[in-house]
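Before any comments, here is the structure.
We did not get these values from a lab; they are worked out from the coordinates using the rules stated. Quick caveat, the model's predicted, so the values are computed rather than measured. Cβ sites come from the backbone with ideal geometry, for glycine too, and all protein chains shown count toward neighbours.
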Amino acid sequence: MTATRAAQLNDAKVIAVGSDEHRFLITQCMQEAGVTGSVLLEPASRNTAMAMAVAAVYAVENLNLTSKTNGDQDLLNQSDPDPLLLFCPANHHIPDTDAFIDCIRSGIKAADSGFIVTFGVMPTHPSSAYGYIRAGEQIDAFASSASQFIEKPQSADAEKLLLEGNAFWNAGIFYPEHQTSWALLSFTRQMSLRRHKPRCGT
C-alpha cells in the first residue's frame, strides 16, 4: 500500500490527490497506515501531470515552503532549503518496503543535483502493458540518464527492448527537488498556453 510505504519515510509530509468518490477510501487507507497528511480531491480526473501540479502548488502554499515571483515564472526562494517531492501512484504492488525505501534513498544525490529522478523496474518478460525507459550514460553509482521514454510498445518491440538489456519498465514514480518540479510545471504551463493560443486572421 502506498500509504504504508510513505509511513516509512522519515518526516514525510503526505499529500494524497484523488477523486471525490474515493475520499473515504483515501482517508481510511491513511488512517490504517498511521499516516497523517492532506487530502486533495479532484472534481474530475486530469491524470498524473495535473495531480502532480496540484500537489506541488499545495506544498509551496501550505507546507512552510516559500516562493517568489520572477517575471512570468514562480520559483522557490533559492535561499531556503529545497525539499524533495516524491510522487507515487496509488496502484503499485511493492511487497518489499525496505528495498523500496533503499531505492528512494539511492536517488537523493541525483535529485539534490537538480535531476528529475524516476525509477525503472527490471522487466521479467516483454510486455506491451507498460511504458519503458531506455537508460543512457551513468550519472553516479545508482543513477543513469534516461535517453528515451517509450510509450507502451507493440509486443515485438517490447521483445527487442529486452534483448537490448538497457530498458526498464517505467514505474511512474518521480523524485525531483521542489524547485525543479516548480520550474518544470511553469515551463509546461507556458508551452500549453502557447499551443492553445487562439489564432486570429484577417
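Here are some notes:
- Nonlocal amide H pairs with residue 19, under 5 Å, H built at 1.01 Å: 42
- Along region 35-45 the Karplus relation, 6.51 cos²θ - 1.76 cosθ + 1.60 evaluated at θ = phi - 60°, assigns HN-Hα couplings of 9, 9, x, 10, 10, 10, 9, 8, x, 8, 5 Hz to successive residues, with x for each Gly and Pro.
- Square roots of 5 times each gyration tensor eigenvalue, C-alpha, region 8-57, largest first, Å: 19, 15, 7
- Using the Stokes-Einstein relation with a Kirkwood hydrodynamic radius computed over Cα pairs, the translational diffusion coefficient of region 117-172 at 25 °C and a viscosity of 0.890 mPa s comes to 219 µm²/s.
- For a modelled paramagnetic label at residue 12, 7 Å from Cα along Cα-to-Cβ, the residues of region 101-128 in reach, with backbone nitrogen under 15 Å, are 101-108, 119.
- Net charge contributed by nearby residues that have their C-beta within less than 13 Å of residue 151 (K/R +1, D/E -1): +1
- Residue 86 long-range amide H proximity, modeled H, under 5 Å: none
- Calculated from backbone phi, Karplus (6.51, -1.76, 1.60) coupling profile of region 90-97 in Hz, x at Gly/Pro: 8, 10, 8, 9, 10, x, 9, 5
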